[in-house]
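For reference, the structure discussed in these notes is given below.
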Amino acid sequence: MIKFILILVYLCLIFLLSIIYKKFNPSNKEFLRKIIHIGIGPLIPIAKYLEIDRYSALLFTSIIAVLIVSNYKYKLFPTIEDVDRKSFGTLFYCLSLFILIYLYWDKDPSSLIVGFFIMTFGDGFAGLIGKNYESKSWLFLEQKKSLYGTITMFLTSCIVIVGIGYFFNYSFNISFFLIALISTFLEQISIFGIDNLIVPVAGGIFFNIFITGL
């Protein structure tokens, strides 16, 4: 029980930070979501460190997903979905985490963390940079993408993949950059927030295929 209390405390701190930010900067809705998006990133390493089992991790993720679905209708936590476009990104976020936990929690934690970190940090920072710094932009499936945001996605994904690979003692591999490139391309497909599903799942699967082989 104490392990789940620690997880809940961490989540509450992230939400508290977003609420405090909203109080002083109510107009920057996208940044509010990114605080949560990026802040949840360390949750998986924390859960693994606490030795939470796979079943409990799946159950916890499912409960969060149910709350997210309820929030779409009842707006219990408006900060989460307070954006100026129709998006199911938060639900896809939970779904991708559920899939990665199911596939790799015990079998291949490095692929799980790579997939999740590409989404939380790569996609998260790409959104922040792309929204706050002007650069060449284009429309992909009616979604606006920017040069700075795309470069940020690729570079952050490279850092994540190389860093996790090094931490888990995998030799340097040119496939690190291929996985980052694939993830960057998939991030372009962001209609309804589906990039929060396809980017992390693909990142984890390709890391498993090309690097770990587990």
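Evaluated against (1) under 18 Å from Leu112 (Cβ atoms); (2) of a type in the set (A, V, I, L, M); (3) crowded, with 19+ Cβ neighbours inside 10 Å; (4) touching a residue at least 24 places away in the same chain (Cβ under 8 Å), Leu186 falls short on exactly one condition, (4).
Here's the yes/no breakdown for (1) in a helix (DSSP H, G or I); (2) free of Cβ contacts under 8 Å to residues at least 24 places away in the same chain; (3) within 16 Å of the chain's Cα centre (by Cα):
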| residue | (1), (2), (3) |
| --- | --- |
| Lys3 | yes, no, no |
| Leu6 | yes, no, no |
| Val9 | yes, yes, no |
| Ile14 | yes, no, yes |
| Ile20 | yes, yes, no |
| Lys23 | yes, yes, no |
| Phe31 | yes, no, yes |
| His37 | yes, no, yes |
| Ile52 | no, no, no |
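Of these, Leu214, Leu141, which one is modelled with pLDDT under 95 and under 21 Å from Lys48 (Cβ atoms)? Checking each option against the conditions leaves just Leu214. Across the stretch 169-181, what is the total count of residues that are surrounded by fewer than 16 Cβ atoms within 10 Å (Cβ to Cβ) and either under 16 Å from Leu112 (Cα atoms) or under 20 Å from the mean Cα position of the chain (by Cα) (or both)? Going through the stretch 169-181 one residue at a time, the tally reaches 4. Scanning for something in contact with a Ser or Thr (Cβ under 7 Å, 6 or more places away or on another chain), surrounded by 14 or more Cβ atoms within 10 Å (Cβ to Cβ) and at pLDDT 80 or above, does the stretch 39-58 turn up at least one residue? Scanning the stretch 39-58 turns up at least one residue that is in contact with a Ser or Thr (Cβ under 7 Å, 6 or more places away or on another chain), surrounded by 14 or more Cβ atoms within 10 Å (Cβ to Cβ) and at pLDDT 80 or above. In this structure, is Gln143 touching a strand residue (DSSP E or B) at 6+ places or on another chain (Cβ under 7 Å) and either surrounded by fewer than 16 Cβ atoms within 10 Å (Cβ to Cβ) or at negative phi (or both)? Judged against the criteria, Gln143 is not a match. If you check Thr120 against the conditions, is it buried (at least 24 other Cβ atoms within 10 Å of the Cβ), assigned to a helix (DSSP H, G or I) and at pLDDT 90 or above? It is true that Thr120 is buried (at least 24 other Cβ atoms within 10 Å of the Cβ), assigned to a helix (DSSP H, G or I) and at pLDDT 90 or above. You will find that of Gly127, Gly203, Gly149, Gly213, the residue that is surrounded by fewer than 21 Cβ atoms within 10 Å (Cβ to Cβ) and not hydrophobic (A, V, I, L, M, F, W, C) is Gly213 and no other. For the stretch 130-140, state whether one or more residues are of a type outside the set (Asp, Glu), within 22 Å of Cys94 (Cα to Cα) and surrounded by 14 or more Cβ atoms within 10 Å (Cβ to Cβ). No; the residues of the stretch 130-140 include none that is of a type outside the set (Asp, Glu), within 22 Å of Cys94 (Cα to Cα) and surrounded by 14 or more Cβ atoms within 10 Å (Cβ to Cβ).
One residue stands out in the stretch 59-88 among those that are β-branched (Val, Ile, Thr) and within 16 Å of the chain's Cα centre (by Cα): the one that is modelled with the highest pLDDT, namely Thr61.
Evaluating Leu197 against the criteria (1) of a type outside the set (Gly, Ala, Ser); (2) out of contact with any Ser or Thr (no Cβ under 8 Å at 6 or more places or on another chain); (3) crowded, with 16+ Cβ neighbours inside 10 Å leaves one unmet condition, (2).
The values are calculated or read from the model by the stated rules, or taken from the named source; none is laboratory data. Just so you know, these numbers come straight off a predicted model, no measurement behind them. Glycine also receives a Cβ, built like all others from the backbone with ideal geometry; neighbour counts cover every protein chain displayed.
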